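All remarks here apply to the structure that follows.
The values are calculated or read from the model by the stated rules, or taken from the named source; none is laboratory data. The structure displayed is predicted, hence computed values, not measured ones. Here the Cβ positions follow ideal geometry from the backbone for every residue, glycine too, while neighbour counts run over all protein chains shown.
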Amino acid sequence: MVNQDKVLEIMVKIGEKIEEDKLFLTELDNVIGDGDHGINMARGFGDFISKVPDLQGKDIGAILKAAGMSLTMKVGGASGPLYGTAYLQAGKTAGDKTEIGIEDFIQILEAAIEGVKMRGKAVTGEKTMLDAMVPALDAIKEEYDASKDAKKALEAGLAAAKEGVEYTKTIIATKGRASYLGERSIGHQDPGATSFTEMLQVICENV
Amino acid sequence: MKKFINDVNLVEEQMIEGMVKAYPQYVKRLPGQTVVVRANKKEGKVALISGGGSGHEPAHGGFVGEGMLDAAVAGAVFTSPSPEPIYEALKEIATDKGVLMIVKNYTGDVMNFEMAGEMADADGIKVAQVVVNDDVAVDGSLYTVGRRGVAGTIFVHKIAGAKAETGASLEEVQATAQKVIDNVRTMGVAITPCTVPAAGTPGFEIADDEMEVGIGIHGEPGTHKAKLEPVDSIVDHLLDKILADLDFTGSEVAVMVNSSGGTPAMELFIANNRVADVLAEKGVKVYKTFVGEYMTSLEMQGFSVTLLKLDDELKELLDAKADTIALKVF
């Protein structure tokens, strides 16, 4: 189980990871999008990190919702409403819990994915963050059902997310600005799928 | 990167401050937000709001004023603003007649304006939206989220703005805006990339002797790269694509030859020289021409050609008074 302090610590580490990789993510976005993904996400997480002192001791729902509000209100672009909605839905699902296990995490990730699908009117196979999120969720569920080992389940999820990023290289974008490239988007990985995978990696490394 | 800036993080902020200090008779800033609104709010008409990422100046703040917009929301460079400033702007400019949001067709802009519109709607503000998608370079095929909104957006601001000044209802202003969108087509080209200040490096690469045909207003790739040709041939290609997309034969049109930021007026006039000749040859009658910087892409050397098919209503509204920083019609 992971308590609220640990969740807050992980969220801060996710923010730091995004800040650290902002130029890499922006570079990916330059190739097929509009070259702002990393910079924008870093601005949103920067806002979240500035609110951390107020979040000490708050329930997990409040922490995730605070991240969702920062991302919705400060990021802009397409990733702002998408990740913002994802974290807001995640927070709603976590509710007033102060401790979560893998089964809660699965529900939280499911809610986040539903949020992205609703806001972006998107499904898998369109070269978006969903192409990492959905396989990760499926792999986590499958591994957990088989082994009842939370750590192994998260690792399976991360491996699937990484495969998902690789898969985005092989398909044509049909959502977002990359879609204007048509076939020229093939060969390039989706920045949103990449940033989601980085988040999952931080979670994996810290539980 | 070489730019006349102070700090990449202050670009949007200082741009807005400078604009407001230069033209207090036209615009004021919404405190704490990257939003400019009309210096004097006008009640009794539908309010118009537009916006998007910064880097397209004079769009959109330069078109706030009588006969055009009531508010312009500026995001970070080439990044849709978040719902927060849009929502604050909606509350500020809303009248009893409602607000029309004029949004360019980009995933981020559409989602952020939608979220802000939902918030304002929950407050009881009447909100409607039109989405501009004039760029013929990218197909509205199953592979895309539809065409991009580019320089044709300025005609939507102008004409919907004039319609709103007549006291028309929200539904009427929206219908007129949609009529402009249905009849406007644009295509652009560029010969140099542009650099988003916070990124520090150019958004794409292009060889000295090449051009990117069908370029987007964020430096997004267009249809293809090609060897640079005399501008007459480039104009011919752009017009071929535009005229193939919508039948302009026998109609009267408004023309816009728009600089992407780095193309001087001299070259724009050379381009327009060909635009006018080709249209005359094809039996398309030019009613009015606009040449200059309207929807730029930072310092990119490039230009776009826009044609708007006019009817009597659109002609009258195009000729109606507008008094803004970047477009004046008297």
Residues being of a type outside the set (S, T, Y) and closer than 30 Å to B:I191 by Cα: count how many of those fall in region B:295-325. 12
How about region B:218-229: which of its residues are out of contact with any helix residue (DSSP H, G or I) (no Cβ under 9 Å at 6 or more places or on another chain) and modelled with pLDDT of 95 or more? B:K227
When region A:103-131 is checked residue by residue, the ones that are more than 19 Å from A:L88 (Cα to Cα) and in contact with a Phe, Trp or Tyr (Cβ under 8 Å, 6 or more places away or on another chain) are A:D131
Among the residues in region A:106-117, are any among the β-branched types (V, I, T) and within 14 Å of chain B (Cβ to nearest Cβ)? yes
Within region B:18-55, how many residues are under 13 Å from B:I93 (Cα atoms) and either in contact (Cβ under 8 Å) with a residue 12 or more places away in the chain or outside the structural domain of B:P85 (by TED's automatic domain parsing) (or both)? 18
Out of everything in region B:228-278 that is hydroxyl-bearing (S, T, Y) and closer than 22 Å to B:D311 by Cα, what residue ends up being farthest from the chain's Cα centre (by Cα)? B:T249
Under 8 Å by Cβ, and 6 or more places apart or on different chains, what pairs join a residue from region B:317-329 that is within 17 Å of B:T166 (Cα to Cα) with one that is in a loop (DSSP other than H, G, I, E, B) and hydrophobic (A, V, I, L, M, F, W, C)? B:K321/B:F330; B:A322/B:M68; B:D323/B:F330; B:V329/B:A320
From A:A132, A:A159, A:A153, which residue is more than 14 Å from chain B (Cβ to nearest Cβ), among the hydrophobic types (A, V, I, L, M, F, W, C) and surrounded by fewer than 18 Cβ atoms within 10 Å (Cβ to Cβ)? A:A159
Working only within region B:99-112, note down all residues that are of a type outside the set (S, T, Y), out of contact with any Pro (no Cβ under 6 Å at 6 or more places or on another chain) and within 10 Å of chain A (Cβ to nearest Cβ). B:G108, B:D109, B:V110
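Condition check ((1) within 14 Å of another protein chain (Cβ to nearest Cβ); (2) of a type outside the set (A, V, I, L, M)) across all residues:
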site: B:A47; (1), (2): no, no
site: B:G52; (1), (2): yes, yes
site: B:M68; (1), (2): no, no
site: B:A71; (1), (2): no, no
site: B:A76; (1), (2): yes, no
site: B:T79; (1), (2): yes, yes
site: B:K97; (1), (2): no, yes
Restricting attention to region B:7-26, report how many residues are among the hydrophobic types (A, V, I, L, M, F, W, C) and either over 18 Å from B:G55 (Cβ atoms) or surrounded by fewer than 18 Cβ atoms within 10 Å (Cβ to Cβ) (or both). 4
Just to be sure I understand the filter: pairs with C-beta atoms under 7 Å, separated by 6 or more residues or on different chains, first member in region B:57-76 and closer than 17 Å to B:V173 by Cα, second member among the small types (G, A, S) and in a helix (DSSP H, G or I). Which pairs pass? B:G67/B:G161; B:G67/B:A162; B:M68/B:G161; B:L69/B:G161; B:A71/B:A89
Among the residues of region B:137-175 satisfying the criterion of being in a helix (DSSP H, G or I) and surrounded by fewer than 24 Cβ atoms within 10 Å (Cβ to Cβ), which is nearest to the chain's Cα centre (by Cα)? B:Q174
Go through region B:39-56 and give me each residue that's more than 26 Å from B:G262 (Cα to Cα) and surrounded by 22 or more Cβ atoms within 10 Å (Cβ to Cβ). B:V46, B:A47, B:L48, B:I49
Matching option when the condition is more than 14 Å from chain B (Cβ to nearest Cβ), under 24 Å from B:F78 (Cα atoms) and hydrophobic (A, V, I, L, M, F, W, C), among A:I32, A:I49, A:I100, A:I18: A:I18
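Okay, residues lined up against (1) in contact with a Pro (Cβ under 9 Å, 6 or more places away or on another chain); (2) at pLDDT 95 or above; (3) not in a helix (DSSP H, G or I):
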{"residue": "A:V12", "(1), (2), (3)": "no, yes, no"}
{"residue": "A:G15", "(1), (2), (3)": "no, yes, no"}
{"residue": "A:N30", "(1), (2), (3)": "yes, no, no"}
{"residue": "A:R43", "(1), (2), (3)": "no, no, no"}
{"residue": "A:G46", "(1), (2), (3)": "no, yes, no"}
{"residue": "A:I49", "(1), (2), (3)": "no, yes, no"}
{"residue": "A:P53", "(1), (2), (3)": "no, yes, no"}
Among the residues of region A:116-170, which ones are touching a Pro at 6+ places or on another chain (Cβ under 6 Å) and closer than 22 Å to A:G182 by Cα? A:G164
Output the residues belonging to region B:17-49 that are small (G, A, S) and under 19 Å from B:L298 (Cβ atoms). B:G18
Yes or no: region B:261-282 includes at least one residue that is surrounded by fewer than 20 Cβ atoms within 10 Å (Cβ to Cβ) and part of a strand (DSSP E or B). no
Within region A:64-78, work out how many residues are over 14 Å from A:G46 (Cβ atoms) and assigned to a helix (DSSP H, G or I). 4
Name the residue, out of B:D182, B:D240, B:D208, B:D236, that is in a loop (DSSP other than H, G, I, E, B) and either surrounded by fewer than 20 Cβ atoms within 10 Å (Cβ to Cβ) or away from chain A (no Cβ under 14 Å) (or both). B:D208
Among (1) under 24 Å from B:V138 (Cα atoms); (2) modelled with pLDDT under 95; (3) surrounded by 24 or more Cβ atoms within 10 Å (Cβ to Cβ), there is one condition A:V75 misses while meeting the rest; what is its number? (1)
